[in-house]
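Student: One structure is given below, represented as structure tokens, and several questions about it will come after.
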Amino acid sequence: MPARPVDLDPASIRILEHLQQDSEVGIGDLAEAVGLSTSPCWRRVADLKARGIIRRCVAVADPQALGLHVNVFVHVSLEKQTQAALQAFSDAIRSRPEVMECYLMSGEADYLLRVVVEDLSEYQRLIVDHLTRIPGVAKIRSSFALDQVKYTTALPLDHLKE
């Protein structure tokens, strides 16, 4: 049974929806957009942060504008799925800046990584110099993204409105 989602009132949900689209909006503009006065809006934002619902506010950079043209989904299988092997892989991956996301998976591969690099030679270096040197890696399979159809950092919130 999935964990019950956090209880948020309609105003807090509206605040979260707006902040997921633009976290730089001023508190006055945010309050007006969600139909609250400034002080209650500020308290709700502070509460969302204190409760860990808002983890942090970041700038979302454009990879293409920064010369990061290759987006790769990497399936990694380990020789053994022992706690030590899983931990060793996880520890090694956390330090790699080109690994944008890493998930422990069920199914054919043990891990799914999303990697962003400048070009294929950079990706080759990551594979040869780093991924293949992590103890216990048995198989690496790569899928290259040809086009980004959708990308968002905003989580769906409709289930909280019921």
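The values are calculated or read from the model by the stated rules, or taken from the named source; none is laboratory data. All of these numbers come straight from a predicted model, not from anything done at the bench. Heads up, the Cβs are rebuilt from the backbone with ideal geometry, glycines too, and the neighbour counts pull from every protein chain shown. Remember, those area values only see protein heavy atoms, side chains included, never the ligands or the DNA or RNA. Shrake-Rupley method; radii C 1.70, N 1.55, O 1.52, S 1.80 Å.
Student: What number of residues in segment 116-125 are more than 30 Å from Leu16 (Cβ to Cβ) and either in a loop (DSSP other than H, G, I, E, B) or in contact (Cβ under 8 Å) with a residue 40 or more places away in the chain (or both)? Working first, answer last.
Tutor: Filtering segment 116-125 down to residues more than 30 Å from Leu16 (Cβ to Cβ) leaves 117-125.
Okay, now just the ones that are also either in a loop (DSSP other than H, G, I, E, B) or in contact (Cβ under 8 Å) with a residue 40 or more places away in the chain (or both), so 117-120, 122-123.
The total comes to 6.
Student: Inside segment 91-123, can you point out the residues that are of a type in the set (D, E, K, R) and closer than 20 Å to Leu146 by Cα? Break it down into steps so the answer makes sense when it comes.
Tutor: Initial filter on segment 91-123 (of a type in the set (D, E, K, R)): 91, 94, 96, 98, 101, 108, 110, 114, 118-119, 122.
Across segment 91-123, the qualifying residues are Glu98, Glu101, Arg114, Glu118, Asp119, Glu122.
Student: Determine whether segment 5-14 contains at least one residue that is touching a Cys at 6+ places or on another chain (Cβ under 9 Å), surrounded by 11 or more Cβ atoms within 10 Å (Cβ to Cβ), touching a residue at least 12 places away in the same chain (Cβ under 8 Å) and assigned to a helix (DSSP H, G or I).
Tutor: Taking segment 5-14 and keeping what is touching a Cys at 6+ places or on another chain (Cβ under 9 Å), we get 11.
Within this subset, residues satisfying the condition of being surrounded by 11 or more Cβ atoms within 10 Å (Cβ to Cβ) are 11.
Cutting the leftovers down to touching a residue at least 12 places away in the same chain (Cβ under 8 Å) gives us 11.
So of that shortlist, the ones also assigned to a helix (DSSP H, G or I) come out as 11.
Checking segment 5-14: at least one residue is touching a Cys at 6+ places or on another chain (Cβ under 9 Å), surrounded by 11 or more Cβ atoms within 10 Å (Cβ to Cβ), touching a residue at least 12 places away in the same chain (Cβ under 8 Å) and assigned to a helix (DSSP H, G or I).
Student: Hey, among Cys41, Cys57, which residue is surrounded by 13 or more Cβ atoms within 10 Å (Cβ to Cβ) and either more than 30 Å from Ser142 (Cα to Cα) or in contact with a strand residue (DSSP E or B) (Cβ under 8 Å, 6 or more places away or on another chain) (or both)? Spell out how you get there, then give the answer.
Tutor: Numbers: Cys57 fails: surrounded by 13 or more Cβ atoms within 10 Å (Cβ to Cβ).
Testing whether each residue is surrounded by 13 or more Cβ atoms within 10 Å (Cβ to Cβ) and either more than 30 Å from Ser142 (Cα to Cα) or in contact with a strand residue (DSSP E or B) (Cβ under 8 Å, 6 or more places away or on another chain) (or both) leaves just Cys41.
Student: Let me ask you something else. Quickly run through segment 100-115 and pick out the residues that are closer than 18 Å to Leu68 by Cα and either touching a residue at least 24 places away in the same chain (Cβ under 8 Å) or of a type in the set (Gly, Ala, Ser) (or both).
Tutor: Leu113, Arg114, Val115, listed by residue number.
Student: Could you list all residues from segment 63-118 that are open to solvent by 70 Å² or more (accessible area, probe 1.4 Å) and polar (S, T, N, Q)?
Tutor: Passing the criteria: Gln64, Gln81, Gln83, Gln87, Ser95, Ser106.
Student: Going through segment 126-161 one residue at a time, which ones are open to solvent by 60 Å² or more (accessible area, probe 1.4 Å), closer than 20 Å to Asp91 by Cβ and assigned to a loop (DSSP other than H, G, I, E, B)?
Tutor: Listed by number, the residues that qualify are His130, Pro135.
Student: Go through Val72, Val45, Val25 for me and flag whichever is touching a Phe, Trp or Tyr at 6+ places or on another chain (Cβ under 8 Å), among the aliphatic types (A, V, I, L, M) and modelled with pLDDT of 95 or more.
Tutor: Unique residue meeting the criteria: Val72.
Student: What are the residues in segment 44-54 that are assigned to a helix (DSSP H, G or I) and surrounded by 11 or more Cβ atoms within 10 Å (Cβ to Cβ), if any?
Tutor: Arg44, Val45, Ala46, Asp47, Leu48, Lys49
Student: Another question, then. Evaluate the following for Ala88: is it among the small types (Gly, Ala, Ser), assigned to a helix (DSSP H, G or I) and more than 30 Å from Asp119 (Cβ to Cβ)?
Tutor: On the way: among the small types (Gly, Ala, Ser): yes; assigned to a helix (DSSP H, G or I): yes; more than 30 Å from Asp119 (Cβ to Cβ): no.
No, not satisfied.
Student: Related question: Just checking, which of Ala50, Ala92 is farther than 30 Å from Arg14 by Cα, at pLDDT 95 or above and not polar (S, T, N, Q)? Outline the logic, then answer.
Tutor: Values: Ala50 fails: farther than 30 Å from Arg14 by Cα.
After applying the criteria, what remains is Ala92.
Student: Working carefully through the options Val76, Val72, find the one that is of a type in the set (Val, Ile, Thr), part of a strand (DSSP E or B) and in contact with an Asp or Glu (Cβ under 7 Å, 6 or more places away or on another chain). Talk me through it step by step, then tell me what you get.
Tutor: Numbers: Val72 fails: in contact with an Asp or Glu (Cβ under 7 Å, 6 or more places away or on another chain).
Step by step, each of Val76, Val72 is checked, and only Val76 is of a type in the set (Val, Ile, Thr), part of a strand (DSSP E or B) and in contact with an Asp or Glu (Cβ under 7 Å, 6 or more places away or on another chain).
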